Amino acid sequence: MDATTVRQVSERATRVLAPNPGPMTLDGTNTYVLREGTDVVVVDPGPDDAGHLERVLEVATADGGRVALVVLTHHHRDHTAGADALAERTGAPVRGAGRGEPFADGERLAAGALSLTVLTTPGHTADSVCLLLPADGLLLTGDTVLGRGSTVLAWPDGDVTAYLATLDRLLALARREVSSIAPGHGPHVDEPAAALENIRTHRNARLAEVRAAVAAGARTPEDVVRRVYGDVDPALESAAGQSARTQLAHLGIVPRT
């Protein structure tokens, strides 16, 4: 397989890039195949794409591998649409994004000798989780942290207040026991603490811009987009408006409900 599509990102983790690039998905969705011995966990199967499913299965079942569990980091379709087909092919249960038993913060997931810790990390969505693979110092972040750029906090599911708290939590974790981040989109992150600090700085700077816009008279998401975001790519205009709504809610300018 093409090295740009399949890449070993740590001793136990392989990324399989889905063929769904776009303004919101960057290079495409990153599906992760985590393996210890023959037991495999697949994180975010990605879109319902037959070719992508075959590539994931080829990686997962090499040398006698067996998919024991499918995990979803959140409910967005670019991460979840392929879950049913993967579960049908492998018989593996699916958890996350409303599937299976709800995750508990700090819960340990095990597949044979493979061990993951679940972190509930709301902000991008209410149901977002990250997964810590302690043996590799690897943090799988779904869309909570991207490989480049900043994630959309889309109204009404996104929450700036929750996201800032999540960033603080992940930054503290990164300083202690995370050596790299495997994001849901974009390239691997080899300096996690620096990346998280940059994201937090960017979020706080954008909030300062929104506060200034409000002080100058902005009251609606459309006002904020015009004053803060300037000329927005039409493909991102809706996302910018939703982000502005969540920022205004965080500042108490518009209600959460």
Grab the Cα-Cα distance for H75 and H202, subtract it from 0.36 nm times how many residues apart they are, and report the gain in nm with one decimal.
43.2 nm
Kirkwood Rh over alpha-carbon pairs of the chain plugged into Stokes-Einstein at 4 °C, 1.567 mPa s gives a D in µm²/s of 69 µm²/s
Net length gained if the chain between E177 and L251 were fully extended (0.36 nm per residue, minus Cα distance)
23.4 nm
Calculate the translational D of the stretch 1-66 in whole µm² s⁻¹ from Stokes-Einstein, where the hydrodynamic radius comes from the Kirkwood formula applied to all Cα pairs, the temperature is 10 °C and the viscosity 1.306 mPa s.
133 µm²/s
Ignoring ligands, DNA and RNA, how do Y163, Y229 rank by accessible area with a 1.4 Å probe, largest first?
Y229, Y163
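Given R₀ = 22 Å, FRET efficiency for E107-R148 by Cβ-Cβ distance, to 0.05? Intermediate results must be reported in sequence, preceding the final value.
Values: r = 30 Å, r/R0 = 1.35.
In this case the efficiency is close to 0.15.
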Need the C-alpha centroid separation for the stretch 122-172 versus the stretch 233-255, integer Å.
18 Å
Classify the stretch 82-138: rounded, prolate or oblate, from the alpha-carbon gyration tensor (a ≥ b ≥ c, eigenvalue square roots; a/c under 1.5 rounded; otherwise prolate if a/b is larger than b/c)?
oblate
Which three extents, in whole angstrom, do the alpha-carbon atoms of the stretch 175-257 cover along their principal axes, largest first?
44, 27, 24
Carbon-plus-sulfur fraction of the accessible area of the stretch 124-257, 1.4 Å probe, in percent?
51 percent
Using a simple spin-label model with points 7 Å from Cα along the Cα→Cβ vector, what separation in nm is obtained for R211 and Q8?
4.8 nm
Of L167, L86, L236, which has the largest mean-square fluctuation in a 10 Å C-alpha GNM of the chain?
L236
Quick check: from the Cα gyration tensor, does the stretch 59-101 come out rounded (a/c under 1.5), prolate or oblate?
prolate
I need two numbers for the stretch 96-210: Rg to one decimal and Dmax as a whole number, Cα atoms only, in Å.
13.9, 49
In sequence order, what are the phi-derived ³J(HN,Hα) couplings for the stretch 21-31 according to the Karplus relation 6.51 cos²θ - 1.76 cosθ + 1.60 with θ = phi - 60°, rounded to whole Hz, with x for glycine and proline?
x, x, x, 9, 10, 6, 6, x, 7, 8, 8
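Give me the accessible area per residue for the chain, probe 1.4 Å, as a whole number in Å². Please report the intermediate quantities before stating the final value.
Details: 11090 Å² over 257 residues.
Result: 43 Å² per residue.
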By accessible area (1.4 Å), largest first, R12, R148, R175 order as R175, R148, R12
At what distance in angstrom do the alpha carbon centres of the stretch 55-84 and the stretch 1-31 lie from each other?
13 Å
Could you tell me how many degrees, from 0 to 90 and to the nearest 10, lie between the Cα long axis of helix 237-250 and the main elongation axis, the longest principal axis, of the Cα atoms of the chain?
70 degrees
Between beta-carbons, use under 10 Å as the cut-off and find the net charge around T73, counting Lys and Arg +1, Asp and Glu -1.
-3
Which whole-Hz couplings ³J(HN,Hα) result when phi for each residue of the stretch 65-79 is put into the Karplus expression 6.51 cos²θ - 1.76 cosθ + 1.60, θ = phi - 60°, listed in order with x for Gly and Pro?
x, 9, 6, 9, 7, 10, 10, 10, 7, 5, 8, 5, 5, 5, 10
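So what's the stretch 1-147 giving for Cα Rg divided by 2.2 N^0.38 Å, two decimals?
The value comes to 0.93.
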Degrees separating the helix 160-177 axis from the principal Cα axis of the chain, which is the longest one:
50 degrees
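The values are calculated or read from the model by the stated rules, or taken from the named source; none is laboratory data. Quick caveat, the model's predicted, so the values are computed rather than measured. Neighbour counts run over all protein chains shown; Cβ positions are idealised from the backbone, glycine included. The area values use the complete protein model at the heavy-atom level, side chains included, leaving out ligands, DNA and RNA. Shrake-Rupley method; radii C 1.70, N 1.55, O 1.52, S 1.80 Å.
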